[in-house]
Each structure stands twice: as C-alpha cells, then as structure tokens.
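Report on the structure given below.
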Amino acid sequence: MRSSRFLVLVLISASACGGSGSASDAGSPDAAVDGNVSDAGETRPADRCAPGRAGAPEFRDVTAAWGLDVLAGRAALADLDGDGYVDLVVHKTGNHDRADFTAEPKAWPYHVLMNRDDGAGGRRFVDRTRESNYGALREPVANTGRSAQFAIFADLDDDGDLDALSGTYSDRNAPDTDPGDRSEILLNDGTGTFTLAPPQVGVRGFEDDRAVSTSSGTFLDYDRDGRLDLFMGYWYFSYGRSLFGNPDRLLRGDGAGGFEDVSEAMGMDTRGAPGERDASRPTYGVTACDVDADGDSDLLVSAYGRQWNQLWLRTEAGFVDVGEASGFDADDELDYTDNEFYRCYCQTTGACSAPPPRIGCDRVGWNAGTDDRPFRLGGNSFSTACADVTGDGLPELYTAEIHHWHIGDSSDSSQLLVNQGLDADGVPTFARPGNDVTGLAIPRVGASWNEGGIGAAFADLDGDGLMDVLLGASDYPDNRLLYFRQQPDGTFEEQAVADGLDHPCAPSMAVGDLDRDGDLDLVVTSSTARDCRMSWPDGPEVHVYENTSGAQNDWTRIHLVGAGAAAGGANGSAIGARVVITAGDVTITRELQAGHGHFGMQDEIDLVVGLGDACVIDSIEVRWPDAAGSVETFTDVPANYPLTIRQGAGLRYER
C-alpha cells in the first residue's frame, strides 16, 4: 500500500495514506457517539476481509441483461421505493415535447425504471413510468405526460422517501414549441409513485410563469434547519440575442415540499450588466459542496458562453461570489490572438494584425469590445464535480468544458482545480496544475479537434480509496467517455477503453452500486448531436456497465438518515453530511450530495467507499449538517457490510 503521495508540482502535500486495519475482538464495543461508547443496537458482526488485489477495475456492458432498451441523454440514480436498490430515471434532451404514452415506449421522452430481482439471482430494470405518475400534468390530458428534461432526488417532506425536482427546460424564443409546462416538485408516497406538490412560483421559474431555460438544480440545506433547500440554474435569457442569463434562484424549503425565493435576501443579486461580476450569466450546471470545509454548503455555478464561473461562498450574512478570488471563475490565459474568429476580424476589417486565419471568413464571429474582454475568455462550462481527491480533507473541483481548436488557448479545457486552503480573507483558493502535469489531458484527434466535456463525476471505481475522474465527452467526432484512474502518486491515467468502458459520445453518467456487491457500476447516456448520430444510429442509447471486480478490495457502504427538522436534527437525506473514515493509516473524506452539473446528473446518495486492503475501520466520523454541526464517531467497524447510521440512534449492520 502507498505511504504518501504528492500531486506533482502543485506544492501541496496530499496525505492520503493506506494500510491494513488490524483485526479486533468481535465482541468489543462497536460504536462511540461524541466520544462515548454506545450500543449500536446489535452484536458486532465478525470480521470478513476481501481477497485484495492490485490493478484496474474491469467493466462489462450488461445492458441487455438488465432489460434496458431506452433512449436518453441524462440519467439519475435514486432508491425510489426504499428497498435498498437504486432505481434509474432517464430523460431525453433537445426538445420540449410532452410524453405521448400511446407511442412505443422507446419514443417516450423519459422513463422511470425500477431495480428489481430478475428471479434468477440477478437484477433488471422494470419500466414503471406510467405507474409512477412522474409525468403528472396540472390539467390532465389522456395518455399524455408533462414535458420534463431532468430530475434530482432527496427527501423534501421528511417522510423517509426520496422526492423529486422534475426540471423542465422551455425556450422563450420558441413559443410555438412551449406546451406551457414548468418545473415541478413531485412528492413520493414511498413506493415510487409521485403526486404534484402545490404549484410554486420559485420552482416553476418566475412570477409571470414565462418560458425559462431551466438547465440544472441541486439540493442543499443552506441554513441547516433540517429542511432541504433548492438552487436552480438557468441558461440564456435570449440565446443568440443577448449575453444575459436568466438569474439563478435560491429557494428556501419549508420541509413539506414548498419553497420560497430568497435569492436577493441571501445576497445573490445578479442584476449587473454583462461583463460585470454581478451579472446573470448563462448557467449550464450547479453544484452544492462545502468547498471551505466549514460545515455549510457553498454553491458552484458552471457558466456557458466562456463567461465567468461563480463560487457562492456561504457566510454569516448570506452568500458572496468569490469566483475571482478563489480562482474558480476561469484560468489565467487571456491571449486571444490564436482565436480564428479574431484572425478573420483582423483580415476582414484591417483593424488589427494577426496571422492568417485557418478557417473561411464568411462568418467573422468576433465582436470587438466584447469578445476581447476577460469575461468572454473563460470556458464553456457544463458541470463541476466536487470531492476530496488529494486526501487532505479539502474538496477539489473538476470542471467539464467544451473547447474547440479554432477558439484557441484562451478557452478553458476540462481540468482539475486543487484546493489550497483558505487565504487571509477566509476564501478557499484553487490551483490549476494543468492537464499535462496531472495526467488528465483529453485526447485531441487531428488538427480540427474538439474537447466535448459535458458531464463530470468523481468516483472510486477500483476501490483503492483514491478518487478517480469520469468525464462525459460528446457531440463531436472522436469524443467518448473518459475514465482517469488515480495513481498512487496522485496523477491520473486514462483507461476507459482498456477497462471495458468503450462508449462514444457520452454526455453524462450516473454512478452507483446497482447490484449492492460493494463496487461502483455505471449508467452511461448517449448523444446523437452532430456527428454522434453515426455512433448511435438508432438513437441515444443508455447502457449499463457492471463493475466485475467483485469488490476484491475492502469496502463499506453507508446509508445516512438525519433526525429531521422536528427533532432539531439534520435533513432526512443527510445532504451535506461529511463522513471521515479512518482505517489504519488511510483517511478518506466524503460528502453527501444530491444532484449536480448539467441537466441534473445524480449519483447514488448512499456512500460506497473503497478501503483498499483495510478490512477493519478504526473510526467513522459523521458531521451532520444541522445547526449545531453535530458530530458522531463510530469505532471498530468491520468492513464489507452495508451500514445504516441514524442520527442519534447509532449504527446498524446488514448481513
């Protein structure tokens, strides 16, 4: 096992160490809460150790075995009926159509797929779209479902099951295609059957109920009152005609599925002019994450149009945008002279001097006085993933970006941002070591290359305790799912195809342990945009990739349940909880999140954590996202058992 590792040239120590946990007496106390020994409610089970192995994970495409035959571009994993197995909800993107349930199911714009026993020792997905009432309309129409493009899930009414934000993207520039549907909150009855919550202005968009380009959403408890809140992201106000985005909205939850807009009250006023730091921008993804590790959730905005990303830092007064101070807004490359549109502008107008353009100049595509300003020299950001990658307890960020050869180096590429800790003003700061240093370089094929980064996730796919990087790259030739496996020295190696993840034009993925065997599987979606239709001629297929490693490394699976607002505890889904696992000299930090990135990517909420060859966990520390920042610590926990930890009620094992 590794003893230490360093991310090359970043000048920070990454103290993610590994080692075997020592065996312990099966009759010893198995939990300590706030430093006091307490009964976990049952006898500690015997140690059981995985066989242990070194090397990369192995995946196989088991789509047919799971009975999956649907078309979609976005996926979310959530246990909708509480049976312990994650179910799958998928959506098509690119149109505003309602569901016509008289058409063949493959043509439906979304599916609710329940994870069921196949009767032969395996699992399969069973379509329950209509039975789930997911497509419920305010004014029912026979055999018709609401227009919806993504969904994220969490317990919004504190009844122990996962409810949904069903996100609807509509376009004010295309009123003829707008059926009038807007985003909705759907409340779960515990079986995976939904009802519409009362209509709410904040969730639906704005007071005039106009069409709005809803692109993303994430749940958090920003005030730690035990009731989940919602942050929603919106794209352009008028794409192609204005640089403004519809303003993103922070909505405070009432614990019953209702929400009120508190954006301005919490300091998130974005009414500035384009190019100003307080301007609304075209948001393509939002993420909630505690970037400064102080116990409350901060908000990350991934902005399109090469505009600045935002980092809304939670403070005592509200939220403050520290995107610039933190280094999250964009990289420092501002030289646009290799932009082919700029070169066309120079050639066509004679207003500047530049090398000859390498494209035809029938369309100049350059607005002097705007496109040369810093706020237009960032990235086409789609998603931001957030997790502790270096092992120091501070979360890193990975941004998914589309970058074209003809735009040049001022456009940002998908890359890792390494957390450097707080500056003198208490602002988290991030370094950008660069893809050549980290090993995260994206293959560029030919002179006219395109990096199509859309979806991003951190996940430990090989169970060694180190976070790997997944990038969904799509919409252009030679783009595919990329899997960067973290090496012991903290660098990364791309090996998707070598490990069985050969999936072209993959805009997003969802990560979860579908078969509950202790390792992480993948659901990967597809795109048929531009040249990608040649890879998927029958439509954007959804594929299941089973991790066949068989959890040969040790692992733990943790299901957290907050005590709820009525008890003065954390939200029921424990969104925002921070879990620190110590096993030997391994320390692993994870944070529970619900929904992130472009059009609502959602991984399984339960934590599935690889432990390498440590089959006994010395301690599990849970910092709950409640007002007090309560901490519970559980000691001497055997690995390779699913665990349930209920706030204030101890730890339970599943055998």
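The values are calculated or read from the model by the stated rules, or taken from the named source; none is laboratory data. Fair warning: this is a prediction, and the values are worked out from it, not measured in the lab. No Cβ is skipped: glycine too gets one built from the backbone with ideal geometry, and neighbour counts run over all protein chains shown. Surface areas here come from the heavy atoms of the whole protein model, side chains and all, with no ligands, DNA or RNA. Shrake-Rupley method; radii C 1.70, N 1.55, O 1.52, S 1.80 Å.
At-a-glance table
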read-out	value
The chain, dipole about Cα centre (Lys/Arg Cβ +1, Asp/Glu Cβ -1), debye to the nearest 20	1520 debye
Per-selection Rg to Rh, the range 172-213 - Cα, Kirkwood hydrodynamic radius	1.08
Per-selection metrics, the range 314-447 (Cα): Rg and Dmax in Å	17.8, 54
Two-decimal log10 I(q)/I(0) for the range 267-318, as the Debye equation yields it once each C-alpha is a single scatterer, q = 0.14, 0.30, 0.32 Å⁻¹	-0.38, -1.18, -1.24
Relative contact order, percent, the range 564-655 [alpha-carbon distance under 8 Å, six or more residues apart]	26 percent
Rg in Å to one decimal, and Dmax rounded to a whole Å, for the range 32-181 via C-alpha atoms	20.6, 65
Backbone HN-Hα couplings from phi across the range 214-225 [Karplus 6.51/-1.76/1.60, Hz, Gly and Pro as x]	5, 10, 5, x, 8, 9, 7, 10, 5, 9, 6, 9
20 Å tail of the calculated P(r), the range 197-314, as % of Cα pairs	39 percent
Average accessible area per residue (Å²) across the range 48-93 - probe 1.4 Å, nucleic acids and ligands excluded	37 Å²
Antiparallel %, DSSP beta bridges [both residues in the chain], to 5	95 percent
Share of alpha-carbon pairs per 5 Å distance bin for the range 549-655, given as whole %	2, 12, 23, 23, 18, 12, 6, 2, 0
Cα long-axis angle, helix 340-349 against the chain (0 to 90 degrees, to the nearest 10)	10 degrees
Protection proxy ranking of 619-627, 125-133, 283-291 - average other beta-carbon atoms within 10 Å, highest first	283-291, 619-627, 125-133
Net charge of Cβ neighbours under 12 Å - reference residue 51; Lys, Arg +1; Asp, Glu -1	0
Of all accessible heavy-atom area on the chain, the percent that carbon and sulfur account for (1.4 Å)	48 percent
Listed residues 64, 472, 410: farthest to the positive end of the dipole of the chain (Cβ charges)	410
Rounded D (µm²/s) - the range 440-576, Kirkwood Rh over Cα pairs, Stokes-Einstein at 4 °C, 1.567 mPa s	78 µm²/s
Contact order relative to length of the chain, as percent, for alpha carbon pairs under 8 angstrom and 6 or more apart	18 percent
For the range 222-361, size of Cβ-based charge dipole, Lys and Arg +1, Asp and Glu -1, in debye	860 debye
Per residue solvent-accessible surface (Å²) - the range 253-353, probe of 1.4 Å	37 Å²
Over the range 129-204 - Rg/Rh using Cα atoms and the Kirkwood inverse-distance radius	0.98
20 Å binning of all Cα-Cα separations within the chain, expressed as whole percents from 0 upward	20, 56, 22, 1, 0
Interatomic Cα distance distribution for the range 410-470, bins of 10 angstrom, percent	17, 40, 32, 10, 1
Packing-based ranking, highest mean first, of 68-81, 333-346 given that Cβ atoms within 10 Å are counted	68-81, 333-346
Unit charges on C-beta of K, R, D, E only; dipole of the range 121-200, Debye	380 debye
Length-normalised contact order for the range 211-268 - Cα pairs under 8 Å, 6+ apart - percent	27 percent
Computed [θ] at 222 nm, helices only, for the chain once each DSSP H run of length n ≥ 4 contributes -39500 (n - 2.57)	-1000 deg cm²/dmol
Charge context of residue 152, other residues only, Cβ under 11 angstrom, K/R +1, D/E -1	-1
Selection from 253, 266, 242 lying farthest towards where the dipole of the range 228-286 points positive, charges on Cβ	242
Ranked by how many other beta carbons lie within 10 Å on average, peptides 239-252, 386-399, 521-534 from highest	386-399, 521-534, 239-252
